[in-house]
Amino acid sequence: EMVAMYDQPLGIEDRADALWKRDVIDAHRVATAPELSRIVVAVDPPVTSGAKADACGIVVAGLGRDGRGYVIDDRTVRGREPLAWAEGAVRAYHAHEANAIVAEVNQGGELVPALIHQVDVDVPIEMVRATRGKWIRAEPVAALYQRGLVAHVGTWPDLEDQMCDFGLDGLSGGRSPDRMDALVWALT
């Protein structure tokens, strides 16, 4: 079931060099997800906390039995202590009955899974390490959107703004695209 287009545009216009375009996201938006065979909570943890720190990207996505990816939640938090974002990731894991948490460990190494396991020792964690730049990692995921293989369940304005403002410089709005990074890990 497709969701109607916005009555008014989201916060920003598409960036000319952006990997994602709002019309592509809108074209495949759905109101509800089908049965999902796998669900992950992806976490892109920040290096620091506080008001000026990057947010901790927390995005939930699933694989439908139809072979499409579905973005089902954005639980990103900003300025929170590390244990607070770990708690948020674990809450998302339980709320969506996920299969695993996928956590980027470039900035925190073994501390990232240790924090998550402080909250819930039984949560399975898949550690991922970025070895290539953000743009290179994001390109295959953006291509899935172009092919109609990813749908957003409902609207995620902050996430979609970051996606449509992510360009060759690897930034969105002049900052690290924390939500978009988590989205890429979830769909990868």
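Counting other Cβ atoms within 10 Å, which trypsin sites (Lys or Arg not before Pro) in the range 49-137 have at most 11 and lie in a DSSP loop? Could the numbers behind the result be given before it?
On the way: sites: Lys52, Arg65, Arg68, Arg75, Arg78, Arg80, Arg91, Arg129, Arg132, Lys134, Arg137; in loops: Lys52, Arg65, Arg68, Arg75, Arg78, Arg80, Arg129, Arg132.
Listed in order of number, the matching sites are Lys52, Arg65, Arg129, Arg132.
If you stretched the chain out fully between Glu97 and Ala16, how much longer would it get, using 0.36 nm times the residue separation minus the C-alpha to C-alpha distance? Could you put the intermediate results ahead of the total?
Working: separation 81, 0.36 × 81 = 29.16 nm, distance 3.76 nm.
Fully extending the segment from Glu97 to Ala16 adds 25.4 nm.
Once the piece of chain linking Thr188 and Ala114 is laid out straight, how much longer is it, given 0.36 nm per residue of separation minus the C-alpha distance between them? Could you put the intermediate results ahead of the total?
Values: separation 74, 0.36 × 74 = 26.64 nm, distance 2.28 nm.
In short, 24.4 nm is gained.
So for the pair Glu139, Met127, with labels modelled 7 Å out along Cα→Cβ, what separation do we get in nm?
A separation of 2.8 nm, rounded to one decimal place.
Please give the length that would be gained between Gln146 and Ala27 if that part of the chain were fully extended, namely 0.36 nm times their separation in residues minus their C-alpha to C-alpha distance (nm, one decimal).
41.8 nm
Just report the Cα centroid separation between the range 143-169 and the range 94-113, whole Å.
22
Starting from the amide H of Phe166, placed 1.01 Å from N in the peptide plane, find each other amide H under 5 Å away whose residue is 5 or more places distant or on another chain.
Placed amide hydrogens put Leu19, Trp20 under 5 Å from Phe166.
Read-outs: derived from the displayed coordinates by stated rules, not from any lab. What you are looking at is a predicted structure, and each value in this text was computed from that prediction instead of being measured. Virtual Cβ from ideal backbone geometry, glycine too; neighbours counted across all protein chains shown.
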